[in-house]
Amino acid sequence: MPELPDVEAFRQYLYSTSLHSTVAHVEARDDLVLEDISQEDLRETLVGTELADTARHGKWLLAQTAYGPWLCFHFGMTGELAYFGEATDIPEHTRVLFVFENGMHLAYLCQRRLGRITLTESVEELVRRKELGPDARDISWECFSEVFSGRTAPVKPLLMDQKVIAGLGNILVDEILFRSRLHPERSVHTLGEEQRRDLHDTLGRIVAVLIRARTQGDEVPDNWLLHYRSEGEQCPRCGAQLKRMSINSRATYLCPRCQSQR
DNA sequence: TGAAATGTTGTTGC
DNA sequence: TGCAACAACATTTC
Ligand SMILES: [Zn+2]
């Protein structure tokens, strides 16, 4: 699940459940998800203090301790959060468990163990360390128009590159390109001003709708491509049979009729 | 059984 | 040096 809209939902979830409770205990059940830190580092930073604020940049969720340092979550392909009361309810695939003095628990789950947890002194430091581009939510035209300069890559891999724009994943980019009627292999340097502006507008609308869907429970419209990501499905706009191809080893769905521009 | 699944990183070659 | 492509990472399901 975790692309930008999902991480934004996790941020709101953490914000509404886990702030302003003193941390009593931290248990790292799986060292693999700890990035450049130890269980001891986590305990020293968190135990005895509380989480006071949240932030998000791209697919990273951050929670600031009352002392200043930030706890950082990345969800990989299968990460999620679970907040609950009873210790007997600890979910399967819990990799790190935070226990609060009020008896509540926050579990970081990650079935495939591709997610990561780390610490940083500031949001900016993490963005620098990970070389993240500007966040995809509400990215300005000025900012967006610059990311194409000097690039020749196909538009899909470029939009998925977190160093270019942070937050867009495989499913989101397919949706944006479908709505923009752009072929995913179209090289970005062939896009004219008009197409770039349209791409920027579409990106903003798609991201906004998906955030509302993930955070408010709004329905994703029936005519969105993401409902039809399987072999043999038809284009919800023109009825043509959708095509599946591999781009940089990622499954890519497109409508050969709507997105014919190479 | 091999392939595929929402992701990132390190390496390789240009 | 920067960019683009790809294998590797880990787990589960079909
Ligand atoms: Zn179509």
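What to note about this one:
- In segment A:53-73 there is at least one residue matching the filter, namely being hydrophobic (A, V, I, L, M, F, W, C) and free of Cβ contacts under 8 Å to residues at least 24 places away in the same chain.
- Residues located in segment A:242-262, provided they are within 13 Å of the ligand (Cβ to nearest atom) and in contact with a strand residue (DSSP E or B) (Cβ under 8 Å, 6 or more places away or on another chain): A:242, A:243, A:253, A:254, A:255, A:256
- Where residue A:195 falls short, out of the listed (1) part of a helix (DSSP H, G or I); (2) loosely packed, with under 15 Cβ neighbours inside 10 Å; (3) touching a residue at least 12 places away in the same chain (Cβ under 8 Å): (2)
- Against the test of being polar (S, T, N, Q), touching an Asp or Glu at 6+ places or on another chain (Cβ under 7 Å) and either within 15 Å of DNA strand C (Cβ to nearest atom) or in a strand (DSSP E or B) (or both), the options A:252, A:215, A:152 yield a single qualifying residue, A:252.
- Among the residues of segment A:16-62, those that are surrounded by 16 or more Cβ atoms within 10 Å (Cβ to Cβ), in contact with a Gly (Cβ under 8 Å, 6 or more places away or on another chain) and of a type in the set (Val, Ile, Thr) comprise A:23, A:33.
- A single entry from A:32, A:19 fulfils the requirement of being under 23 Å from the mean Cα position of the chain (by Cα), outside any helix (DSSP H, G or I) and not hydroxyl-bearing (Ser, Thr, Tyr): A:19.
- Residue within segment A:114-125 that is of a type in the set (Ser, Thr, Tyr), within 11 Å of DNA strand C (Cβ to nearest atom), in a loop (DSSP other than H, G, I, E, B) and farther than 26 Å from residue A:253 by Cβ present: no
- Segment A:49-85: number of residues that are part of a loop (DSSP other than H, G, I, E, B) and either more than 27 Å from residue A:172 (Cα to Cα) or away from DNA strand C (no atom under 16 Å from the Cβ) (or both): 7
- Among the residues of segment A:207-241, those identified as of a type in the set (A, V, I, L, M), within 16 Å of the ligand (Cβ to nearest atom) and touching a Pro at 6+ places or on another chain (Cβ under 8 Å) are A:225, A:240.
- Every residue from segment A:34-73 that is charged (D, E, K, R) and touching a helix residue (DSSP H, G or I) at 6+ places or on another chain (Cβ under 8 Å): A:56, A:59
Readers should treat all values here as calculations from the given coordinates under stated rules, not as data from a laboratory. As the structure is a computational prediction, the values presented were derived from the model and not from experiment. Here Cβ is always computed from backbone atoms with ideal geometry, including for glycine, and neighbour counts include all displayed protein chains.
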